[in-house]
Amino acid sequence: MASPQPHQRHRVAVLTLPPLPTFEVGVATEAFALARPELDVPWWYELAVCAEAPGDLPAVGGFTVRVEHGLEALATADTVVLPGAGAAGGEPPDAVVGAVRAAHARGARMVSICSGAFVLAAAGLLDGREAATHWRYAGLLAERYPRVRVRADALYLDGGDVLTSAGTAAGIDLCLHLIRADHGAAVANAVARRMVVAPQRGGGQAQFVEAPVAARVDDDPVGQAMEWALERLGEPIAVADLARAAYMSPRNFSRRFAAAAGTSPARWLLEQRLQASLSLLESSDLPVEEVGRRVGFPTPAAFRRHFARVRGIPPSAHRRSFAQPTG
């Protein structure tokens, strides 16, 4: 989808199904509806909340919200956001499915938050694709739409023209990811500061953690090992090294780590290395090979391979898209 020309607005339509999910709609509103003249960008977003028919819509929490726009808003939208709530309860109305298909066919970028993925799946837009949704709905989505490759472990997934995310806070992550893709890292980080949230969480990060790392790292061997590793990302680190830092056997450490972090030690370490590489790619002139070396990849080929697999583009392309001025 082509970016708007200078001074042109990018139209975002938030399509709701009852009961209206107030938090998810609020996330899209916060990200795209507020004017942000302080950012000094050539274009920004124009948001419209819509439904199958305009009027009073029941919302989560027992109150109603007046929605001013109907499905016609999708006909001119550049991005369509589907925030979920009632979407998982059954097949969406035919009129909604048809409008979603037509918007995608016209070139609109389609975005789901939480159970909004069910509407995209009903429209056939997730067939053959990987898709994220809230972990509680992952099994139902896979069962109802077997042609969708459901990723229960992902915060969000960027398929280019179709993007999906898990629930609640993952919607914030995906909206910031969209702003980052549209305007670059500096603008997305400024919006994140305004929202008082972390500017970047990788989409592959685990969405459900059984037991968070203890606030006092000294009291938690897994937390100690994480802290130890984050101070040494440029060095070779094996699971056995992490276990040693936690004064545990590798087998016991791996089990405790998975329960605490929701992923394996090796995958967590890979994600931390890739995350650390982003700021170097965006804010330095270091060669890509040196960036990979500084965050602990044994060879430039390994860095490029893992980066492209996880983030969908090679590190050089990421730098071209998100590089910040260094002068």
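Numbers below:
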| read-out | value |
| --- | --- |
| Gyration tensor (alpha-carbon) shape descriptor, the stretch 54-143, a/c threshold 1.5 | oblate |
| HIS10 long-range amide H proximity, modeled H, under 5 Å | TRP44, TYR45, GLU46 |
| Built amide H within the under 5 Å cut-off of VAL150, gap 5+ | ALA131 |
| Tensor-based shape of the stretch 243-318 (alpha-carbon gyration tensor, a/c under 1.5 rounded, otherwise prolate or oblate) | prolate |
| The stretch 104-118 - phi-based ³J(HN,Hα) in whole Hz, Karplus 6.51/-1.76/1.60, Gly and Pro as x | 5, 4, 6, x, 5, 7, 9, 9, 10, 10, 6, 7, x, 4, 5 |
| Nearest 10 degrees, 0 to 90: helix 185-195 Cα axis against the chain principal axis | 70 |
| Value of relative contact order over the stretch 18-156, rounded to a whole percent, pairs C-alpha under 8 Å and six or more apart | 18 |
| Amide H contacts under 5 Å for THR64, placed H, 5+ residues apart | ALA59 |
| Value of D in µm² per second that Stokes-Einstein yields for the chain, Kirkwood Rh from Cα pairs, at 25 °C (0.890 mPa s) | 116 |
| In sequence order, calculated HN-Hα J values of the stretch 298-309 (Karplus, 6.51, -1.76, 1.60; Hz; x Gly/Pro) | x, 9, x, 5, 5, 4, 5, 5, 5, 4, 5, 5 |
| DSSP-defined antiparallel bridges as percent of all bridges, the stretch 10-195, nearest 5 | 25 |
| Calculated from backbone phi, Karplus (6.51, -1.76, 1.60) coupling profile of the stretch 127-136 in Hz, x at Gly/Pro | 4, x, 10, 7, 9, 10, 7, 4, 4, 5 |
| Residue order, fewest to most surrounding Cβ atoms within 10 angstrom, among TYR45, TYR145 | TYR145, TYR45 |
| Relative contact order of the chain, pairs being alpha-carbon contacts under 8 Å that are 6 or more residues apart, as % | 12 |
| For the stretch 228-292 versus the stretch 61-117, the gap between their alpha-carbon centres in whole angstrom | 39 |
| Normalised contact order of the stretch 230-314, rounded percent, pairs of Cα under 8 Å and 6 or more residues apart | 27 |
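Laboratory data are not the source of any read-out in this text; all were calculated from the coordinates shown. All values reported here derive from a predicted model rather than from experimental measurement. When we count neighbours, we look across all protein chains shown, and the Cβ atoms used for this are built from the backbone with ideal geometry, even at glycine.
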